[in-house]
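Asks: Quick one: this structure, given as structure tokens, is what I'll be asking you about.
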Amino acid sequence: MRIYLDFNATAPVAPEVQDAVARAMRDDFGNPSSVHAFGQRAKATLDEARSHVAALIGGDPAEIVFTSGGTESDNLSIRGAFEAARTSGRRRLVTSGIEHEAVLNTVKALTAHGAEVVTVPAGRDGIVDVDAMAAAVTPETALVSVMLANNEVGTIQPVQRIADICHQHGAWLHTDAVQAAGKIPVSVRALGVDLLAMSAHKFSGPKGIGALWIRRGVRLMSQATGGRQERNRRGGTENVPAIAGMGVAARLAREALDRDALSATARLRDRLERGILETIEGTAVNGAPDRRVPNTTNISFDGIEAESLLIALDLEGIAVSTGSACSSGTLEPSHVLRAMGLPQAFARNSLRFSLGSTTTDQEIDLVLTVMPALVTKLRRLGRTAAALR
Ligand code: PLP
């Protein structure tokens, strides 16, 4: 049996989504910008998907721009807002150290174009320091970018409070909600954000498709200049089949949230976490346990190189992650755990378990059976290697 506990990297595509993609590819091949019936049929598919995606986050369909995923949504938001703010002289970008690389590398790239970047730390609980944020946001700030839920430890950020700080200074707030949409109820109005990024493959939609919600009145410079698609905010013929799939995934995600289906995932996550902490010595949970998305736990294992444990688990058929998928495969310590002020050793010995709608009790039982012996073996090997050095 193979056990997949890496839903934050990507979630398996729901059967209804697969059907919607295949149907759109077969039946809705017209160009949605064409006036004839073929085009209008494809446009109707886009409109329906746009409504479902908007409903998932409490926005208006007209405020949704389809993109190629979370990375592009973050780029469009940050680059587009920075460029649009040029005329006002606002050149400061404020973000947090626990953001995804899609945000961190984008603000870094903008320093070459005159951006002054301020990176605010998080506490050991994995929550961005709001006081430090209040000190960093000034009348020169164009945009603040703070994620809604962290991809590695799952902590939910105080975005609403940060929105108030931003608006006192006339700055816009972008939130990367890639790991929040579909996992917790999200309302753009309640959060008070100006821009919100999503990615379909994190909630059982297709890969390579995402959306940016742009509050009405927020003006961004388009980053893909071309035709007038997506209300002039992203040129290029829309990926109709992927968008149809994202629409269905958004509808399914909202229905699951409405019937509180994720409390079952939280129960499994808590059982897994408790089981590991109780049966394996020298383990600790990273990130505030009471302020997390329901599917994620990040656990450190004293005296273990997380990559070795990941590989040992994979050989047992269990897929987990050492942090964000983009940096796994390298032995770089997690920048998220470092930004939380955890010692270097923690940043190297922590594993992320992320569950999903298909995770079962039987799978959790199996993981809990296998793990203690694996950890003991790796610790012994580590000690032997150290003695030989
Ligand atoms: N932002 C966060 C928080 C993520 O976890 C990810 C993906 O891991 C991304 C952005 C990038 O999304 P995509 O893979 O759709 O480009």
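Asks: Any residue in region 47-65 that's touching a residue at least 40 places away in the same chain (Cβ under 8 Å): show its pairings with residues that are assigned to a helix (DSSP H, G or I) and of a type in the set (Asp, Glu) at Cβ separation under 9 Å, as long as the two are six or more apart or on different chains.
Replies: Ala54/Glu63; Ile64/Glu230; Val65/Glu230
Asks: Ok, one more. Only one of Ile280, Ile243, Ile311 is out of contact with any Pro (no Cβ under 6 Å at 6 or more places or on another chain) and away from the ligand (no atom under 16 Å from the Cβ). Can you tell me which?
Replies: Step by step, each of Ile280, Ile243, Ile311 is checked, and only Ile311 is out of contact with any Pro (no Cβ under 6 Å at 6 or more places or on another chain) and away from the ligand (no atom under 16 Å from the Cβ).
Asks: Are there helices (runs of 4 or more DSSP H) fully within region 326-389 with at least 3 residues that are modelled with pLDDT of 95 or more and surrounded by fewer than 14 Cβ atoms within 10 Å (Cβ to Cβ)? List them.
Replies: 361-388
Asks: Applying the selection to region 50-92, what residues are away from the ligand (no atom under 16 Å from the Cβ) and hydrophobic (A, V, I, L, M, F, W, C)?
Replies: Residues satisfying the conditions are Ala54, Ala55, Ala62, Ala81, Phe82, Ala84, Ala85.
Asks: Having 1 or more residues that are of a type in the set (Asp, Glu) and within 15 Å of the ligand (Cβ to nearest atom) is the bar; report the helices (runs of 4 or more DSSP H) wholly within region 93-210 that clear it.
Replies: In region 93-210, the matching helices (runs of 4 or more DSSP H) lie at 101-110.
Asks: Then there is this: In region 272-303, how many residues are under 15 Å from Leu5 (Cβ atoms), part of a strand (DSSP E or B) and of a type in the set (S, T, N, Q)?
Replies: 3
The values are calculated or read from the model by the stated rules, or taken from the named source; none is laboratory data. Note that the structure is predicted; figures quoted are calculated from it, not measured. Virtual Cβ from ideal backbone geometry, glycine too; neighbours counted across all protein chains shown.
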